[in-house]
Amino acid sequence: MYYANYLKFMERARSEWLRAFGFEQDVLRDEAGVVFVVRRVEIDYRAPARFNDALDVSVRLHEAGRASLVVKQELMRGALCLAEAVITLACVDAVNFKPVKMPPTILQALTYTT
């Protein structure tokens, strides 16, 4: 699998992670006026994924700030870690893409689980 595709799987996992907490990204954009953008990615590739592999991607909150989240993610094939990443997300205004304070409901829901 091409190395950039690992990031696509991780992106999708983060969307599903937020959804599991009740936060749809299009609703956040339309109603709260915020979106999350990737500010930084640090990734270690451990082993190759291959066509038709069954993959699992985990997401866990590592740090939460007023306008940012740092998550740790692992892409696994069974018990084998194929890639692990630390990803910093910035909460920005959906119109001008300037950093803004995260809505309290998001911060409360996500930090309650850590």
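The values are calculated or read from the model by the stated rules, or taken from the named source; none is laboratory data. If you're wondering where the values come from, they're calculated on a predicted model, not measured in any experiment. FYI the Cβ positions are ideal-geometry reconstructions off the backbone, even for glycines, and counts take in every protein chain you see. Please note that ligands, DNA and RNA were not included when accessible areas were found on the heavy atoms of the full protein model with its side chains. Shrake-Rupley method; radii C 1.70, N 1.55, O 1.52, S 1.80 Å.
Some notes on this structure:
- Looking only at the stretch 9-53, and only at residues there that are closer than 15 Å to Lys72 by Cα and out of contact with any strand residue (DSSP E or B) (no Cβ under 7 Å at 6 or more places or on another chain), the one that is most open to solvent (accessible area, probe 1.4 Å): Arg12
- The stretch 71-84 - residue that is free of Cβ contacts under 8 Å to residues at least 40 places away in the same chain and over 12 Å from Arg14 (Cβ atoms) and, of those, surrounded by the fewest Cβ atoms within 10 Å (Cβ to Cβ): Ala79
- The stretch 36-63 residues that are farther than 18 Å from Phe23 by Cβ, paired with ones that are polar (S, T, N, Q) (beta carbon under 6 Å, 6 or more apart): Arg39/Thr88; Arg40/Thr88
- For the criterion of being farther than 18 Å from Arg12 by Cβ and of a type outside the set (D, E, K, R), Ile87 fails.
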